[in-house]
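Working notes, structure below.
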Amino acid sequence: MKLTEMHFAEAQPVESYGQGFFKIGGHRIESGMLLTAEGAKLWEGYDDFQSLLALQGAVDVIFVGTGAEIAHLPSDLRQKIEATGMGVEVMNSPAACRTYNVLAAEGRRVALAALPV
């Protein structure tokens, strides 16, 4: 199988993740985090919906990583995000990190809001 190296022209990738942390741009984040082309910042989880809504116009899809296991997004949060015209895809955090990296490398307008595993 041929592997292709990924290049991130406009976004920082998730370099790694593990028990209780994410590594972005060489920095370890030990909490939930929100990652966009502009960089990473802390994300307080589902109650911090204003941070997600503020992405309107900047991203097309938000990948929500729910931790080690996949969980449902609160329906009111999903409705608020979708009302802005953004898509939202929910998966466990490892899958969300990988999906974000692939689409960010393609230059897509995506964001990652993830809870640690």
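Suppose we keep only residues that are out of contact with any His (no Cβ under 9 Å at 6 or more places or on another chain) and charged (D, E, K, R) within the range 58-102. Which one would you say is surrounded by the fewest Cβ atoms within 10 Å (Cβ to Cβ)?
Selected residue: GLU69.
Please count how many residues of the range 48-60 are within 13 Å of LEU34 (Cα to Cα) and out of contact with any Phe, Trp or Tyr (no Cβ under 9 Å at 6 or more places or on another chain).
Total meeting the criteria: 7.
How many residues, within the range 12-51, are more than 16 Å from GLY67 (Cβ to Cβ) and touching a Leu at 6+ places or on another chain (Cβ under 8 Å)?
The qualifying residues number 7.
Just the residues that are polar (S, T, N, Q) and part of a strand (DSSP E or B), please, taken from the range 65-117.
THR66, the sole residue that qualifies.
Which residue, of GLY25, GLY32, GLY57, is small (Gly, Ala, Ser) and more than 23 Å from GLY107 (Cα to Cα)?
Among GLY25, GLY32, GLY57, only GLY32 is small (Gly, Ala, Ser) and more than 23 Å from GLY107 (Cα to Cα).
Can you tell me which of ALA113, ALA105 is within 16 Å of PRO13 (Cα to Cα), touching a His at 6+ places or on another chain (Cβ under 7 Å) and of a type in the set (A, V, I, L, M, F, W, C)?
Selected residue: ALA105, the only one of ALA113, ALA105 that is within 16 Å of PRO13 (Cα to Cα), touching a His at 6+ places or on another chain (Cβ under 7 Å) and of a type in the set (A, V, I, L, M, F, W, C).
Which residue out of GLU30, GLU38, GLU44 is touching a helix residue (DSSP H, G or I) at 6+ places or on another chain (Cβ under 9 Å), of a type outside the set (Val, Ile, Thr) and either touching a residue at least 12 places away in the same chain (Cβ under 8 Å) or loosely packed, with under 14 Cβ neighbours inside 10 Å (or both)?
GLU44
Being under 14 Å from ALA113 (Cβ atoms) and of a type in the set (D, E, K, R), is that true of even one residue in the range 69-76?
For the range 69-76, residues under 14 Å from ALA113 (Cβ atoms) and of a type in the set (D, E, K, R): absent.
Could you say which residue among GLU89, GLU15 is without any contact (Cβ under 8 Å) to a residue 12 or more places away in the chain and acidic (Asp, Glu)?
Just a single option satisfies the conditions, and that option is GLU15.
FYI, it's all coordinate maths here, none of it is from the lab. Owing to the predicted nature of the structure, the values given are computational and were not obtained by experimental measurement. Note: ideal-geometry Cβ built from the backbone for every residue, glycine included; neighbour counts use all protein chains shown.
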